[in-house]
Amino acid sequence: MTQNNTIKSLLLARKIIDKKSLEELEKGAKEKGISLEDHLFEKRIISEELLYRTLANEHKLPFVDPRTNPIPKEILLLIPESIARAHQIVAFEKTPNTIKLAAFDPLDLQMFEFIGRTTGLEPKINLSTPTMIREVLNQYHLGLKAEFKEFESKEIPTGPDQLKKMAEDLPVIKMVDTLLEYAILERASDIHIEPMENDVNIRYRIDGILRNVMILPKQAHAGVISRIKILSNLKLDEHRLPQDGRFKISTPQYDIAFRVSIIPTFDGEKIVLRLLDEKNQIFSLEQLGFEPRSLEIIKRNITRPHGMILATGPTGSGKTTTLYTILNLLNSPSVNISTIEDPIEYRIQSINQSQVNPKIGFTFAVGLRAFLRQDPNIIMVGEIRDIETAEISIHAALTGHLVLSTLHTNDAPSGFLRLLDMGAPAFLLSSTINLVIAQRLARKICSDCIESYNLSDEKIKELEKEFDIKSILKTLEREQITQPGATLKSILFYQGKGCKRCNNEGYKGRIGLYEVLEATKEMRELVLKRPSVEEIRSLAQKQSMVTIAEDGFIKAIKGITTIEEVIRVTQE
């Protein structure tokens, strides 16, 4: 049960309000764009303190006012300001083995566990009011910058010995550890550490969107960069050339590999860390978001002994994850599977994975040629980037191998054209490509704050400008998603209101939007004629291919994503 539902149940159980009045208050809060709690306080139905004292009693937790006594700085800073503000939690007391926390959401269990792990102390939860928490948060003042106060009067070190010493200072180690652990907790895929003229900006990419996390003083930059270089076994005194490295953090909860990229910029070295969860389970095709018709086509084609399966889409659209999922389905003792990747994203047991290394001449094409001498059944090529790789891949598919690879195209029909433009012969493509999967990643609606609504007339007009609504409605009816005669006005859509679980974003997690183009007999005959993208798309849609936009509408009607996300990922 969410905090909001608990509050509603309490109000009704304690007869503070009846069901009809509660519904009216919820409606009023929604119209004003404020939370139910704030609307209750505004109407003076219950005071903030009484509500949270009642909640504390309900959850059998102590109620505390953390403002009563000044909190020592060393206790307050056990939780970095960015985390405390994001989750509205403050540390106000500690013993050798425990840390007392004031919070107003007793259900934020993941964060309490995170604080316990990072501090090494057992969290003791006390309930407080949002107002009390906000006032205590003001005690942070400069917050994380205070951790680096001692560096502000010092010169920025340049020599390797000085840099190493700075990187081994406790505040620097603590800062970097917190940055990394918080990124893991927030499910970030990337961490950006960006030097500016006067400070350092930290951003996380979460669910595909970059978000500001914190600002550090410029004096902290050298220490943070040096610490990450030491972890990645990179050169401390190299500031003019790009560097790439890797390190790993292993705990009982997770094994995360960090791929590090450093480049020189005008204001100093910028670092981007890509997070790769090595314990990440391989998803099923259903979990990735494939609809039943697409699933049937994919499963039919991956069991063929030879041919090519291509995943297309822009960078970061989940192509490699789709191919890994297919490989996992095909992985058995009876087949020899080899992959050549750049980089190897995840390790899969019993599959031979190789990483390209252009510096020593080990390219996709060289690796692919070597694989053909290794008696493979199935080959995955990380990406077809040039005609040489394309020709060897096609040759492998023609000579009894199943080849999986990725391409950078906007849709499935363009997959054929991309290879034709590279110089691949039409007659070879026609006989080798079995399947092209195009995809995008859309954010999923947070399940804790989902609500339904009908589109406004203005929104419908906007959609009619962006999409072929008539065609989409026909597809929705054919796929039995809507009733015959349904209109955009009559269809129910969904959105997230925003809650603590999703940092008030309304979204949590991502799902794929797909179009799956099967190379039927008619499609193979068309490819022989070197057709246009429009001709391929027209035939595919006649053969009931669901486009990415149509798949997005299906998922929006099912309450998986929002119409706004469908617009964002299909029109960008």
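The values are calculated or read from the model by the stated rules, or taken from the named source; none is laboratory data. Small disclaimer: the values here were computed from a predicted structure and weren't measured. Here the Cβ positions follow ideal geometry from the backbone for every residue, glycine too, while neighbour counts run over all protein chains shown. Accessible surface areas use protein heavy atoms only, side chains included; no ligands, DNA or RNA. Shrake-Rupley method; radii C 1.70, N 1.55, O 1.52, S 1.80 Å.
Quick one: in the range 265-416, what % of C-alpha pairs are over 21 Å apart? Result for the distance tail: 46 percent.
Pairs of lysine residues in the range 1-93 that meet both criteria, 8 or more places apart or on different chains and Cα atoms under 17 Å apart, total 14.
Exposure check, 1.4 Å probe, all protein chains in place: TYR254 carries approximately 20 Å² of accessible surface.
Add +1 for every Lys or Arg and -1 for every Asp or Glu among the other residues with Cβ under 14 Å from the Cβ of HIS395, and state the total.
Working: positive: ARG369, ARG373; negative: GLU388, GLU391.
Around HIS395, the surrounding residues sum to 0.
Between LYS15 and ASP468, residue separation times 0.36 nm minus the direct Cα-Cα distance comes to 157.9 nm.
Per residue, the Cα convex hull of the range 184-242 amounts to 107 Å³.
Order LYS27, LYS15 by their accessible area, 1.4 angstrom probe, all chains in place, largest first. Kindly include the intermediate steps, with their values, before the conclusion.
On the way: LYS27 130, LYS15 170 Å².
Descending order: LYS15, LYS27.
Checking (i) 27.8, 99; (ii) 25.3, 97; (iii) 27.5, 80 against the coordinates, the calculated Rg and Dmax of the Cα atoms in Å falls under label (iii).
Roll a 1.4 Å probe over the protein chains and send me the accessible area per residue for the range 1-142 in Å². Display every interim value, and only then the final one.
Working: 7540 Å² over 142 residues.
I get 53 Å² per residue for this part.
Normalised Debye scattering of the range 197-292 at q = 0.11, 0.16 Å⁻¹ gives log10 I(q)/I(0) of -0.44, -0.81, counting only Cα atoms as equal scatterers and leaving out solvent.
In cubic angstrom, how much convex hull volume per residue do the alpha carbon atoms of the range 415-492 span?
Values: hull volume 13.7 nm³, N = 78.
Considering the Cα atoms of the range 415-492, their hull volume per residue is 176 Å³.
Residue separation times 0.36 nm, minus the C-alpha to C-alpha distance between LEU420 and ASP65: what's the value? Separation in residues times 0.36 nm, less the Cα-Cα distance, equals 120.9 nm. Across the accessible surface of the range 174-218, with the other protein chains kept in place and a 1.4 Å probe, carbon and sulfur atoms take up 47 percent. Put simply, the convex hull of the Cα atoms in the range 474-519 casts, on average, a shadow of 5.2 nm². Against the chain, whose longest principal axis is taken from its Cα atoms, helix 48-58 shows a tilt of about 70°.
A 1.4 Å probe run over the range 512-572, with the rest of the protein chains in place, finds 40 Å² accessible per residue.
Calculate the tail of P(r) for the range 63-147: the fraction of all Cα-Cα distances greater than 19 Å, expressed in %. Intermediate results must be reported in sequence, preceding the final value.
Details: 991 of 3570 pairs.
Here the tail beyond 19 Å accounts for 28 percent of pairs.
Rolling a 1.4 Å probe over the protein chains gives LEU310 an accessible area of about 0 Å².
Quick one: net charge of GLN353's neighbours, Cβ under 10 Å, K/R +1, D/E -1?
On the way: positive: ARG347; negative: GLU341, GLU345.
Result for the neighbourhood of GLN353: -1.
Can you give the Rg to Rh ratio of the range 503-572, both from alpha-carbon atoms, with Rh computed by the Kirkwood formula? Radius of gyration relative to Kirkwood radius: 1.12. If you roll a 1.4 Å probe over the range 59-139 with all protein chains in place, what percent of the accessible area is carbon or sulfur? The computed percentage sits at 52.
Can you give me the relative contact order of the range 411-493 as a percent, contacts being Cα pairs under 8 Å and 6 or more apart? Reported as a whole number, the value is 32 percent. Each of the peptides 408-416, 285-293 was scored by the mean count of other Cβ atoms within 10 Å over its residues; in descending order, highest first, they stand as 408-416, 285-293.
So if the hydrodynamic radius of the range 1-147 is defined as the Kirkwood radius over C-alpha pairs, what does Stokes-Einstein give as its diffusion coefficient at 20 °C and 1.002 mPa s, in µm² per second?
It comes out at roughly 131 µm²/s.
Each other residue within a Cβ distance under 13 Å of LYS489 adds +1 if Lys or Arg and -1 if Asp or Glu, for a net charge of -1.
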